[in-house]
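Below is one structure, written out as C-alpha coordinates, with a few remarks after it.
The values are calculated or read from the model by the stated rules, or taken from the named source; none is laboratory data. Quantities reported herein were computed from a predicted structural model and do not represent experimental measurements. Because the Cβ atoms are built from the backbone with ideal geometry, glycine has one as well, and the counts that use them run over all protein chains shown. Note: accessible area is taken over every heavy atom of the protein model, side chains too, but ligands, DNA and RNA are not part of it. Shrake-Rupley method; radii C 1.70, N 1.55, O 1.52, S 1.80 Å.
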Amino acid sequence: MFKSFKMTKRGDLWWHEYRRRRFRPRRKISVELLLRDVIKKCFTEFINNCSIAGVKQMIDPTIALKQRIIWMLVFAGMCGMVFYFFWYMWLKGLSTPLIVSKESSKYPISEIDFPAIAICNINRISKKAMFEFETKTLNRTVKGNIREMMTWQFGGLIDYTYNVTLRSRLHLNSEYAPTLRHAPNVIDTMKKLAPSCEEMLIKCTWASKVIDCKSIFKVRRTIKGHCCAFNYILDYDADGIPSQKIKRVMRQSQPGSLHGLNLVMDPLIEDYAYTTRHVYGLDILIFDPIHFADTNGGRVVQRVAEPNMALYVELHSVKQIATNEVRKYSLKTRKCLFHDERKKKFNNMYSYSACIVNCRIKAVQTLCKCTPYFMPTSSDIPTCTLNEIPCLNKHKDKLPLVYPMSADADGLDIEFQDSLYCPDCLLDCEFTKHNTKAYKIPIVQLEIDKGHKEFRKPFTNGTNMTNKCTVSIYQPTFHGTLDRLDVVAYWFELLSNGGGVAGILMGLSIITGIEFFYFFIVTFFIQMYNFFSNKNRYY
(Lines give C-alpha, C1' and ligand atoms only; values in the text may rest on other atoms or scores of the structure.)
Protein backbone atom coordinates (compact mmCIF):
# COMPACT_ATOMS: atom_id res chain seq x y z
CA MET A 1 0.00 0.00 0.00
CA PHE A 2 2.85 2.32 0.72
CA LYS A 3 5.33 2.99 -2.10
CA SER A 4 8.97 2.16 -1.29
CA PHE A 5 11.61 4.85 -1.71
CA LYS A 6 15.04 4.25 -3.17
CA MET A 7 17.88 4.90 -0.75
CA THR A 8 21.37 6.26 -1.67
CA LYS A 9 24.64 4.70 -0.58
CA ARG A 10 24.86 7.21 2.26
CA GLY A 11 21.38 6.12 3.48
CA ASP A 12 19.66 9.32 2.33
CA LEU A 13 16.64 9.50 0.14
CA TRP A 14 17.29 10.13 -3.57
CA TRP A 15 15.98 13.67 -3.54
CA HIS A 16 18.46 14.62 -0.87
CA GLU A 17 21.34 13.88 -3.28
CA TYR A 18 19.58 15.78 -6.05
CA ARG A 19 19.06 18.84 -3.90
CA ARG A 20 22.65 18.65 -2.70
CA ARG A 21 23.97 18.75 -6.27
CA ARG A 22 21.42 21.28 -7.44
CA PHE A 23 22.03 23.85 -4.78
CA ARG A 24 25.73 23.36 -4.04
CA PRO A 25 27.78 26.61 -4.14
CA ARG A 26 29.56 27.27 -7.48
CA ARG A 27 32.82 29.11 -7.94
CA LYS A 28 33.96 31.43 -10.70
CA ILE A 29 36.33 30.04 -13.34
CA SER A 30 39.91 31.17 -12.63
CA VAL A 31 42.03 32.95 -15.24
CA GLU A 32 44.41 29.99 -15.44
CA LEU A 33 41.63 27.49 -16.14
CA LEU A 34 40.09 29.86 -18.65
CA LEU A 35 43.31 30.27 -20.60
CA ARG A 36 43.95 26.54 -20.54
CA ASP A 37 40.52 25.80 -21.90
CA VAL A 38 40.68 28.47 -24.64
CA ILE A 39 44.19 27.56 -25.76
CA LYS A 40 43.24 23.88 -25.82
CA LYS A 41 40.30 24.61 -28.09
CA CYS A 42 42.44 26.79 -30.38
CA PHE A 43 45.15 24.17 -30.60
CA THR A 44 42.62 21.40 -31.32
CA GLU A 45 41.08 23.41 -34.16
CA PHE A 46 44.51 24.21 -35.59
CA ILE A 47 45.62 20.57 -35.53
CA ASN A 48 42.40 19.45 -37.24
CA ASN A 49 42.63 22.05 -39.99
CA CYS A 50 46.33 23.00 -40.52
CA SER A 51 48.13 22.45 -43.82
CA ILE A 52 51.48 21.28 -42.34
CA ALA A 53 52.32 17.89 -43.77
CA GLY A 54 51.95 14.98 -41.34
CA VAL A 55 50.20 16.80 -38.47
CA LYS A 56 46.72 15.44 -39.18
CA GLN A 57 48.03 11.93 -39.74
CA MET A 58 49.76 11.88 -36.34
CA ILE A 59 46.50 12.44 -34.41
CA ASP A 60 44.00 10.77 -36.74
CA PRO A 61 42.41 7.91 -34.70
CA THR A 62 41.41 6.07 -37.89
CA ILE A 63 45.07 5.50 -38.79
CA ALA A 64 46.94 2.58 -37.28
CA LEU A 65 49.32 3.28 -34.42
CA LYS A 66 52.39 2.11 -36.37
CA GLN A 67 51.62 4.44 -39.22
CA ARG A 68 51.13 7.35 -36.83
CA ILE A 69 54.50 6.60 -35.20
CA ILE A 70 56.14 6.61 -38.65
CA TRP A 71 54.49 9.97 -39.39
CA MET A 72 55.85 11.29 -36.09
CA LEU A 73 59.39 10.15 -36.90
CA VAL A 74 59.25 11.65 -40.38
CA PHE A 75 57.85 14.92 -39.01
CA ALA A 76 60.57 15.07 -36.34
CA GLY A 77 63.26 14.48 -38.99
CA MET A 78 61.88 17.24 -41.19
CA CYS A 79 61.77 19.64 -38.23
CA GLY A 80 65.41 18.84 -37.44
CA MET A 81 66.49 19.50 -41.01
CA VAL A 82 64.63 22.81 -41.12
CA PHE A 83 66.15 23.81 -37.77
CA TYR A 84 69.66 22.92 -39.03
CA PHE A 85 69.13 25.00 -42.17
CA PHE A 86 68.03 28.06 -40.23
CA TRP A 87 70.92 27.62 -37.77
CA TYR A 88 73.39 27.38 -40.64
CA MET A 89 71.84 30.43 -42.32
CA TRP A 90 72.24 32.40 -39.08
CA LEU A 91 75.78 31.19 -38.46
CA LYS A 92 77.05 31.87 -41.98
CA GLY A 93 74.89 34.79 -42.97
CA LEU A 94 73.11 36.79 -40.30
CA SER A 95 75.85 36.71 -37.66
CA THR A 96 78.27 38.31 -40.19
CA PRO A 97 75.78 40.08 -42.42
CA LEU A 98 78.21 42.19 -44.50
CA ILE A 99 80.41 41.11 -47.35
CA VAL A 100 82.79 42.84 -49.76
CA SER A 101 82.41 41.63 -53.33
CA LYS A 102 84.07 42.70 -56.56
CA GLU A 103 81.65 44.84 -58.50
CA SER A 104 83.85 45.41 -61.53
CA SER A 105 87.46 44.92 -62.59
CA LYS A 106 86.96 47.34 -65.51
CA TYR A 107 86.18 50.48 -63.55
CA PRO A 108 87.59 53.48 -65.46
CA ILE A 109 90.47 55.35 -63.82
CA SER A 110 88.77 58.62 -64.77
CA GLU A 111 86.24 57.83 -62.02
CA ILE A 112 88.92 57.16 -59.39
CA ASP A 113 90.54 60.02 -57.47
CA PHE A 114 94.25 60.35 -58.06
CA PRO A 115 96.05 60.14 -54.71
CA ALA A 116 97.58 63.08 -52.90
CA ILE A 117 101.37 63.19 -53.07
CA ALA A 118 103.57 64.73 -50.37
CA ILE A 119 107.25 65.32 -51.11
CA CYS A 120 109.20 65.52 -47.84
CA ASN A 121 112.94 65.96 -47.79
CA ILE A 122 114.62 63.49 -45.44
CA ASN A 123 116.53 66.53 -44.27
CA ARG A 124 113.95 68.40 -42.21
CA ILE A 125 115.91 71.60 -41.46
CA SER A 126 117.70 73.52 -44.16
CA LYS A 127 121.23 74.72 -43.43
CA LYS A 128 120.61 77.78 -45.60
CA ALA A 129 117.29 78.54 -43.90
CA MET A 130 118.90 78.18 -40.49
CA PHE A 131 121.49 80.82 -41.39
CA GLU A 132 118.73 83.18 -42.59
CA PHE A 133 116.84 82.60 -39.36
CA GLU A 134 119.87 83.67 -37.37
CA THR A 135 120.45 86.86 -39.33
CA LYS A 136 116.83 87.97 -39.75
CA THR A 137 115.06 86.74 -36.63
CA LEU A 138 117.81 86.69 -34.01
CA ASN A 139 119.69 89.63 -35.59
CA ARG A 140 123.02 87.89 -35.10
CA THR A 141 125.27 85.19 -36.50
CA VAL A 142 126.11 82.36 -34.13
CA LYS A 143 129.09 80.07 -34.06
CA GLY A 144 129.12 76.76 -35.89
CA ASN A 145 128.77 74.55 -32.84
CA ILE A 146 126.00 76.76 -31.45
CA ARG A 147 124.17 76.60 -34.80
CA GLU A 148 124.41 72.82 -34.76
CA MET A 149 122.99 72.63 -31.26
CA MET A 150 120.19 75.02 -32.20
CA THR A 151 119.40 72.83 -35.19
CA TRP A 152 119.08 69.79 -32.95
CA GLN A 153 116.83 71.72 -30.61
CA PHE A 154 114.49 72.73 -33.45
CA GLY A 155 114.61 69.18 -34.80
CA GLY A 156 113.21 67.97 -31.50
CA LEU A 157 109.92 69.64 -32.45
CA ILE A 158 109.68 67.17 -35.36
CA ASP A 159 110.74 63.82 -33.90
CA TYR A 160 110.65 64.70 -30.16
CA THR A 161 114.39 64.10 -29.73
CA TYR A 162 115.61 65.53 -26.43
CA ASN A 163 119.21 66.01 -25.35
CA VAL A 164 119.67 67.26 -21.79
CA THR A 165 123.34 68.17 -22.32
CA LEU A 166 122.62 70.35 -25.36
CA ARG A 167 119.73 72.06 -23.66
CA SER A 168 121.71 72.91 -20.53
CA ARG A 169 124.62 74.28 -22.56
CA LEU A 170 122.54 76.29 -25.01
CA HIS A 171 119.81 77.90 -22.90
CA LEU A 172 117.90 78.24 -26.14
CA ASN A 173 114.55 79.34 -24.81
CA SER A 174 115.77 82.48 -23.07
CA GLU A 175 118.57 83.64 -25.33
CA TYR A 176 118.17 82.42 -28.92
CA ALA A 177 114.51 81.76 -29.63
CA PRO A 178 112.20 84.13 -27.79
CA THR A 179 109.69 83.99 -30.66
CA LEU A 180 108.93 80.34 -29.89
CA ARG A 181 107.13 81.28 -26.70
CA HIS A 182 104.01 82.14 -28.69
CA ALA A 183 102.16 79.45 -30.61
CA PRO A 184 101.76 81.13 -34.04
CA ASN A 185 105.50 81.73 -34.39
CA VAL A 186 106.33 78.06 -33.91
CA ILE A 187 104.50 77.08 -37.08
CA ASP A 188 105.89 80.02 -39.05
CA THR A 189 109.43 79.41 -37.83
CA MET A 190 109.40 75.70 -38.68
CA LYS A 191 107.97 76.52 -42.10
CA LYS A 192 110.86 78.89 -42.75
CA LEU A 193 113.40 76.31 -41.57
CA ALA A 194 112.02 73.53 -43.78
CA PRO A 195 113.71 72.87 -47.16
CA SER A 196 112.28 75.07 -49.88
CA CYS A 197 109.77 73.46 -52.25
CA GLU A 198 110.79 75.89 -54.98
CA GLU A 199 114.36 74.66 -54.80
CA MET A 200 113.45 70.96 -54.56
CA LEU A 201 110.93 70.89 -57.43
CA ILE A 202 112.70 71.64 -60.71
CA LYS A 203 110.29 70.40 -63.38
CA CYS A 204 106.76 68.99 -63.23
CA THR A 205 104.36 67.46 -65.73
CA TRP A 206 100.78 66.39 -65.21
CA ALA A 207 98.55 64.74 -67.83
CA SER A 208 101.42 64.91 -70.38
CA LYS A 209 101.71 68.70 -70.02
CA VAL A 210 104.62 70.63 -68.54
CA ILE A 211 103.24 72.69 -65.63
CA ASP A 212 104.72 75.23 -63.28
CA CYS A 213 105.35 73.30 -60.06
CA LYS A 214 104.06 76.21 -57.99
CA SER A 215 100.61 75.86 -59.53
CA ILE A 216 100.10 72.26 -58.46
CA PHE A 217 102.25 71.98 -55.32
CA LYS A 218 101.55 73.78 -52.04
CA VAL A 219 103.36 73.74 -48.72
CA ARG A 220 101.24 71.71 -46.33
CA ARG A 221 101.81 70.24 -42.89
CA THR A 222 102.20 66.47 -42.64
CA ILE A 223 103.36 64.05 -39.97
CA LYS A 224 106.91 64.81 -41.16
CA GLY A 225 106.53 68.57 -40.91
CA HIS A 226 106.12 71.03 -43.79
CA CYS A 227 106.18 69.23 -47.13
CA CYS A 228 105.32 69.92 -50.78
CA ALA A 229 101.83 68.53 -51.38
CA PHE A 230 100.05 67.73 -54.65
CA ASN A 231 96.29 67.10 -54.93
CA TYR A 232 95.82 67.50 -51.15
CA ILE A 233 92.35 69.05 -51.16
CA LEU A 234 91.37 68.88 -47.50
CA ASP A 235 91.53 71.95 -45.29
CA TYR A 236 91.99 71.06 -41.63
CA ASP A 237 90.68 73.42 -39.02
CA ALA A 238 91.11 73.40 -35.24
CA ASP A 239 91.47 70.15 -33.29
CA GLY A 240 91.88 67.98 -36.35
CA ILE A 241 88.33 68.57 -37.57
CA PRO A 242 88.19 68.68 -41.39
CA SER A 243 86.36 71.86 -42.40
CA GLN A 244 86.05 71.83 -46.18
CA LYS A 245 87.62 70.93 -49.51
CA ILE A 246 89.77 73.72 -50.86
CA LYS A 247 89.71 72.56 -54.50
CA ARG A 248 88.56 69.78 -56.80
CA VAL A 249 90.39 66.49 -56.78
CA MET A 250 92.50 65.57 -59.82
CA ARG A 251 92.09 62.37 -61.79
CA GLN A 252 94.18 60.66 -64.44
CA SER A 253 92.17 60.00 -67.59
CA GLN A 254 94.76 58.24 -69.77
CA PRO A 255 97.06 55.43 -68.61
CA GLY A 256 100.84 55.49 -68.76
CA SER A 257 103.70 57.32 -67.10
CA LEU A 258 103.53 60.29 -69.47
CA HIS A 259 99.93 61.01 -68.42
CA GLY A 260 100.59 60.77 -64.70
CA LEU A 261 102.63 62.97 -62.37
CA ASN A 262 106.30 63.33 -63.35
CA LEU A 263 108.84 65.27 -61.33
CA VAL A 264 112.48 66.25 -61.55
CA MET A 265 113.70 67.06 -58.05
CA ASP A 266 116.81 68.10 -56.22
CA PRO A 267 117.30 66.50 -52.76
CA LEU A 268 119.56 69.46 -51.83
CA ILE A 269 122.23 67.19 -50.40
CA GLU A 270 124.59 70.08 -49.70
CA ASP A 271 121.88 71.74 -47.60
CA TYR A 272 121.46 68.92 -45.09
CA ALA A 273 121.38 69.98 -41.44
CA TYR A 274 118.93 67.67 -39.60
CA THR A 275 117.89 64.31 -41.05
CA THR A 276 115.34 61.87 -39.72
CA ARG A 277 117.27 58.93 -41.20
CA HIS A 278 120.86 58.33 -42.21
CA VAL A 279 120.16 58.36 -45.96
CA TYR A 280 119.93 60.92 -48.74
CA GLY A 281 116.79 61.53 -50.73
CA LEU A 282 113.14 62.40 -50.52
CA ASP A 283 110.21 60.69 -48.81
CA ILE A 284 107.26 60.24 -51.17
CA LEU A 285 103.96 59.89 -49.29
CA ILE A 286 100.97 58.61 -51.28
CA PHE A 287 97.63 58.96 -49.50
CA ASP A 288 93.98 59.88 -49.93
CA PRO A 289 93.33 63.52 -50.91
CA ILE A 290 90.97 64.02 -47.95
CA HIS A 291 93.20 62.35 -45.35
CA PHE A 292 95.93 63.81 -43.21
CA ALA A 293 99.38 62.65 -44.34
CA ASP A 294 100.02 60.42 -41.33
CA THR A 295 102.00 57.25 -41.93
CA ASN A 296 100.50 55.81 -38.73
CA GLY A 297 96.91 56.65 -39.71
CA GLY A 298 96.35 53.92 -42.28
CA ARG A 299 96.50 53.64 -46.10
CA VAL A 300 99.58 55.85 -46.54
CA VAL A 301 102.21 54.44 -48.90
CA GLN A 302 105.77 55.64 -48.38
CA ARG A 303 108.55 55.45 -50.98
CA VAL A 304 112.04 56.94 -51.10
CA ALA A 305 113.43 58.78 -54.10
CA GLU A 306 117.22 58.56 -54.05
CA PRO A 307 119.71 60.87 -55.80
CA ASN A 308 120.74 59.85 -59.34
CA MET A 309 117.80 57.42 -59.50
CA ALA A 310 114.52 57.44 -61.42
CA LEU A 311 111.62 56.14 -59.35
CA TYR A 312 108.56 54.71 -61.08
CA VAL A 313 105.45 54.05 -59.00
CA GLU A 314 102.55 52.20 -60.61
CA LEU A 315 99.15 52.68 -58.99
CA HIS A 316 96.63 49.88 -58.87
CA SER A 317 93.58 51.50 -57.34
CA VAL A 318 90.66 49.85 -55.60
CA LYS A 319 87.55 51.92 -54.90
CA GLN A 320 85.02 50.60 -52.40
CA ILE A 321 81.44 51.78 -52.27
CA ALA A 322 78.69 50.75 -49.84
CA THR A 323 74.97 50.29 -50.33
CA ASN A 324 72.36 52.06 -48.24
CA GLU A 325 71.32 48.69 -46.84
CA VAL A 326 74.56 48.70 -44.82
CA ARG A 327 73.43 51.82 -42.95
CA LYS A 328 70.55 49.86 -41.37
CA TYR A 329 72.93 47.81 -39.26
CA SER A 330 74.34 49.03 -35.97
CA LEU A 331 77.92 50.23 -35.67
CA LYS A 332 78.72 47.18 -33.57
CA THR A 333 77.70 44.95 -36.46
CA ARG A 334 79.06 46.80 -39.49
CA LYS A 335 82.17 48.22 -37.75
CA CYS A 336 82.56 51.10 -40.18
CA LEU A 337 81.31 54.64 -40.69
CA PHE A 338 80.17 56.64 -43.68
CA HIS A 339 81.66 60.06 -44.44
CA ASP A 340 78.41 61.87 -43.60
CA GLU A 341 78.06 60.31 -40.15
CA ARG A 342 79.09 62.07 -36.92
CA LYS A 343 78.25 65.39 -38.54
CA LYS A 344 78.82 67.59 -35.52
CA LYS A 345 82.33 66.36 -34.89
CA PHE A 346 83.60 65.90 -38.45
CA ASN A 347 81.43 68.20 -40.59
CA ASN A 348 80.18 65.44 -42.91
CA MET A 349 83.79 64.52 -43.67
CA TYR A 350 84.44 61.62 -41.33
CA SER A 351 87.39 59.39 -42.10
CA TYR A 352 89.40 56.93 -40.08
CA SER A 353 92.46 59.10 -40.68
CA ALA A 354 90.74 62.24 -39.33
CA CYS A 355 89.54 60.32 -36.27
CA ILE A 356 93.02 58.95 -35.49
CA VAL A 357 94.53 62.42 -35.92
CA ASN A 358 91.92 63.86 -33.59
CA CYS A 359 92.57 61.09 -31.05
CA ARG A 360 96.33 61.64 -31.22
CA ILE A 361 95.90 65.40 -30.77
CA LYS A 362 93.70 64.87 -27.72
CA ALA A 363 96.28 62.50 -26.25
CA VAL A 364 99.13 64.99 -26.68
CA GLN A 365 97.00 67.80 -25.28
CA THR A 366 96.16 65.67 -22.25
CA LEU A 367 99.72 64.54 -21.60
CA CYS A 368 101.69 67.66 -22.50
CA LYS A 369 99.06 70.45 -22.62
CA CYS A 370 99.99 71.45 -26.18
CA THR A 371 99.59 70.51 -29.85
CA PRO A 372 102.54 69.53 -32.10
CA TYR A 373 103.10 72.23 -34.71
CA PHE A 374 102.80 69.85 -37.70
CA MET A 375 99.32 68.68 -36.70
CA PRO A 376 96.05 70.61 -36.99
CA THR A 377 96.21 73.14 -34.17
CA SER A 378 93.63 74.82 -31.97
CA SER A 379 93.41 78.40 -30.79
CA ASP A 380 92.47 77.16 -27.31
CA ILE A 381 95.49 74.88 -26.83
CA PRO A 382 99.00 76.33 -27.38
CA THR A 383 101.35 74.87 -29.93
CA CYS A 384 104.20 72.82 -28.50
CA THR A 385 107.42 74.78 -28.06
CA LEU A 386 110.87 73.78 -26.90
CA ASN A 387 109.59 73.78 -23.32
CA GLU A 388 107.37 70.76 -24.04
CA ILE A 389 110.01 68.65 -25.82
CA PRO A 390 110.89 66.70 -22.61
CA CYS A 391 107.24 65.71 -22.22
CA LEU A 392 106.91 64.82 -25.90
CA ASN A 393 110.08 62.78 -25.71
CA LYS A 394 108.72 60.89 -22.71
CA HIS A 395 105.64 59.73 -24.63
CA LYS A 396 107.01 59.60 -28.18
CA ASP A 397 106.91 55.78 -28.28
CA LYS A 398 103.25 55.76 -27.25
CA LEU A 399 101.86 58.40 -29.62
CA PRO A 400 102.42 56.67 -32.99
CA LEU A 401 100.79 53.39 -31.89
CA VAL A 402 97.06 52.70 -31.85
CA TYR A 403 95.59 49.91 -29.74
CA PRO A 404 93.74 47.45 -32.03
CA MET A 405 90.02 47.51 -31.35
CA SER A 406 89.43 44.05 -32.80
CA ALA A 407 92.09 42.36 -30.69
CA ASP A 408 91.41 40.17 -27.69
CA ALA A 409 92.41 42.10 -24.57
CA ASP A 410 93.89 39.03 -22.89
CA GLY A 411 97.65 39.35 -22.71
CA LEU A 412 97.76 42.87 -24.18
CA ASP A 413 97.97 44.85 -20.95
CA ILE A 414 101.38 46.30 -21.81
CA GLU A 415 100.27 47.19 -25.34
CA PHE A 416 97.22 48.92 -23.90
CA GLN A 417 99.44 51.11 -21.72
CA ASP A 418 101.96 51.86 -24.50
CA SER A 419 99.55 52.88 -27.27
CA LEU A 420 96.65 55.19 -27.99
CA TYR A 421 93.16 53.97 -27.18
CA CYS A 422 90.71 55.30 -29.77
CA PRO A 423 87.49 53.26 -29.39
CA ASP A 424 85.41 55.73 -31.42
CA CYS A 425 87.58 55.42 -34.53
CA LEU A 426 86.00 52.97 -36.94
CA LEU A 427 87.13 52.16 -40.46
CA ASP A 428 85.64 53.83 -43.52
CA CYS A 429 82.74 52.09 -45.23
CA GLU A 430 83.71 53.82 -48.48
CA PHE A 431 87.29 54.56 -49.47
CA THR A 432 89.88 54.43 -52.24
CA LYS A 433 92.99 52.33 -51.73
CA HIS A 434 96.07 52.64 -53.91
CA ASN A 435 98.28 49.57 -54.13
CA THR A 436 101.69 50.43 -55.53
CA LYS A 437 104.41 48.70 -57.45
CA ALA A 438 107.69 50.60 -57.55
CA TYR A 439 110.99 50.13 -59.30
CA LYS A 440 114.11 52.26 -59.74
CA ILE A 441 116.45 52.89 -62.65
CA PRO A 442 119.74 54.79 -62.54
CA ILE A 443 119.34 58.12 -64.33
CA VAL A 444 122.58 57.60 -66.25
CA GLN A 445 121.20 54.40 -67.75
CA LEU A 446 117.88 56.10 -68.40
CA GLU A 447 119.50 58.86 -70.44
CA ILE A 448 121.54 56.36 -72.44
CA ASP A 449 118.50 54.24 -73.22
CA LYS A 450 117.19 55.31 -76.64
CA GLY A 451 113.75 54.03 -75.80
CA HIS A 452 113.13 56.98 -73.46
CA LYS A 453 113.49 59.87 -75.90
CA GLU A 454 110.01 61.11 -75.05
CA PHE A 455 111.05 61.24 -71.41
CA ARG A 456 114.37 63.05 -71.99
CA LYS A 457 112.84 65.79 -74.10
CA PRO A 458 110.68 67.54 -71.44
CA PHE A 459 112.85 66.59 -68.51
CA THR A 460 116.58 66.17 -68.90
CA ASN A 461 117.30 68.63 -71.69
CA GLY A 462 118.98 71.70 -70.25
CA THR A 463 119.08 70.28 -66.73
CA ASN A 464 122.15 69.13 -64.87
CA MET A 465 121.00 65.77 -63.48
CA THR A 466 123.90 65.31 -61.07
CA ASN A 467 122.51 64.31 -57.66
CA LYS A 468 119.00 64.87 -59.00
CA CYS A 469 116.17 62.35 -58.98
CA THR A 470 113.04 61.82 -61.01
CA VAL A 471 109.71 60.42 -59.87
CA SER A 472 106.86 59.16 -62.03
CA ILE A 473 103.55 58.22 -60.36
CA TYR A 474 100.84 56.97 -62.69
CA GLN A 475 98.03 54.57 -63.48
CA PRO A 476 99.42 51.93 -65.87
CA THR A 477 96.05 50.73 -67.24
CA PHE A 478 92.69 52.14 -68.22
CA HIS A 479 90.89 50.35 -65.44
CA GLY A 480 90.85 50.01 -61.68
CA THR A 481 88.78 47.80 -59.40
CA LEU A 482 85.41 48.64 -57.92
CA ASP A 483 84.35 46.76 -54.77
CA ARG A 484 80.97 46.91 -53.08
CA LEU A 485 80.24 46.56 -49.40
CA ASP A 486 76.81 44.95 -49.22
CA VAL A 487 74.72 42.67 -47.07
CA VAL A 488 75.10 38.94 -47.48
CA ALA A 489 71.40 38.57 -48.24
CA TYR A 490 68.47 40.96 -48.40
CA TRP A 491 65.27 40.23 -46.45
CA PHE A 492 63.44 38.90 -49.51
CA GLU A 493 66.35 36.57 -50.27
CA LEU A 494 66.29 35.22 -46.73
CA LEU A 495 62.51 34.80 -46.94
CA SER A 496 62.84 33.04 -50.28
CA ASN A 497 65.59 30.68 -49.12
CA GLY A 498 64.01 29.87 -45.78
CA GLY A 499 60.51 29.53 -47.21
CA GLY A 500 61.73 27.32 -50.04
CA VAL A 501 63.46 24.82 -47.75
CA ALA A 502 60.64 24.81 -45.19
CA GLY A 503 58.05 24.43 -47.96
CA ILE A 504 59.79 21.46 -49.54
CA LEU A 505 60.42 19.60 -46.28
CA MET A 506 57.30 20.43 -44.26
CA GLY A 507 54.89 22.18 -46.57
CA LEU A 508 55.25 25.50 -44.73
CA SER A 509 54.11 28.57 -46.64
CA ILE A 510 52.47 31.94 -46.14
CA ILE A 511 49.16 30.06 -45.74
CA THR A 512 50.66 28.40 -42.64
CA GLY A 513 51.32 31.79 -41.15
CA ILE A 514 47.76 32.86 -41.87
CA GLU A 515 46.52 29.68 -40.18
CA PHE A 516 48.63 30.44 -37.09
CA PHE A 517 47.21 33.93 -37.00
CA TYR A 518 43.62 32.80 -37.42
CA PHE A 519 43.57 29.88 -34.98
CA PHE A 520 45.78 31.34 -32.26
CA ILE A 521 44.82 35.02 -32.50
CA VAL A 522 41.40 35.38 -34.09
CA THR A 523 39.93 32.19 -32.63
CA PHE A 524 41.45 32.96 -29.25
CA PHE A 525 39.68 36.32 -29.03
CA ILE A 526 36.45 34.80 -30.30
CA GLN A 527 36.54 32.20 -27.51
CA MET A 528 37.30 34.88 -24.93
CA TYR A 529 34.47 37.04 -26.22
CA ASN A 530 32.01 34.16 -26.07
CA PHE A 531 33.00 33.42 -22.50
CA PHE A 532 32.65 36.98 -21.21
CA SER A 533 29.40 37.54 -23.11
CA ASN A 534 27.90 34.47 -21.38
CA LYS A 535 26.56 35.31 -17.90
CA ASN A 536 27.07 31.77 -16.65
CA ARG A 537 30.79 31.97 -15.69
CA TYR A 538 30.64 29.28 -13.00
CA TYR A 539 31.34 25.57 -12.78
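The table below lists the values:
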item	result
Boolean, Lys56 is farther than 18 Å from Ser509 by Cβ and open to solvent by 80 Å² or more (accessible area, probe 1.4 Å)	no
Extreme residue, most open to solvent (accessible area, probe 1.4 Å), among residues of the range 496-523 that are within 42 Å of the chain's Cα centre (by Cα) and touching a residue at least 12 places away in the same chain (Cβ under 8 Å)	Asn497
Among the residues listed as Gly256, Gly281, the single one being of a type in the set (Gly, Ala, Ser) and closer than 17 Å to Ile119 by Cβ	Gly281
Members of the range 132-167 that are among the acidic types (Asp, Glu) and either more than 17 Å from Gly225 (Cβ to Cβ) or modelled with pLDDT under 65 (or both)	Glu132, Glu134, Glu148
Number of positions in the range 242-270 that are within 24 Å of Asp159 (Cα to Cα) and open to solvent by 20 Å² or more (accessible area, probe 1.4 Å)	3
Test: residue in the range 57-80 that is aromatic (Phe, Trp, Tyr), in a helix (DSSP H, G or I), touching a Phe, Trp or Tyr at 6+ places or on another chain (Cβ under 6 Å) and within 26 Å of Phe517 (Cβ to Cβ)	no
Members of the range 91-101 found to be at pLDDT 75 or above, surrounded by 10 or more Cβ atoms within 10 Å (Cβ to Cβ) and not in a loop (DSSP other than H, G, I, E, B), listed by number	Leu98, Ile99, Val100
Set Gln527, Gln445: member being modelled with pLDDT of 80 or more and part of a helix (DSSP H, G or I)	Gln527
Condition met for Val488 (in contact with a Gly (Cβ under 7 Å, 6 or more places away or on another chain), open to solvent by 40 Å² or more (accessible area, probe 1.4 Å), modelled with pLDDT of 75 or more and not charged (D, E, K, R))	yes
So Phe520, is it assigned to a helix (DSSP H, G or I) and at pLDDT below 80	no
Residues of the range 376-398 classified as assigned to a loop (DSSP other than H, G, I, E, B), hydrophobic (A, V, I, L, M, F, W, C) and either out of contact with any Phe, Trp or Tyr (no Cβ under 8 Å at 6 or more places or on another chain) or exposed (fewer than 14 other Cβ atoms within 10 Å of the Cβ) (or both), total	1
Search result, residues across the range 210-223 that are more than 32 Å from the chain's Cα centre (by Cα) and either open to solvent by less than 50 Å² (accessible area, probe 1.4 Å) or within 17 Å of Arg248 (Cβ to Cβ) (or both)	Ile211, Cys213, Ser215
Inter-residue pairs, beta-carbon under 7 Å, first assigned to a loop (DSSP other than H, G, I, E, B) and in the range 482-495, second surrounded by fewer than 18 Cβ atoms within 10 Å (Cβ to Cβ) and not hydroxyl-bearing (Ser, Thr, Tyr), 6+ apart	Val488/Gly93; Val488/Pro97; Val488/Ile99; Ala489/Gly93; Tyr490/Glu325
Residue list for the range 278-319, filter: acidic (Asp, Glu) and either surrounded by fewer than 23 Cβ atoms within 10 Å (Cβ to Cβ) or closer than 14 Å to Leu263 by Cα (or both)	Asp283, Asp294, Glu306, Glu314
2 or more residues within 30 Å of Thr385 (Cβ to Cβ) and not basic (Lys, Arg): qualifying strands (runs of 3 or more DSSP E) within the range 270-374	272-275, 282-287
Residue count, the range 335-375 (criterion: surrounded by fewer than 22 Cβ atoms within 10 Å (Cβ to Cβ), among the basic types (Lys, Arg) and under 24 Å from Lys191 (Cα atoms))	2
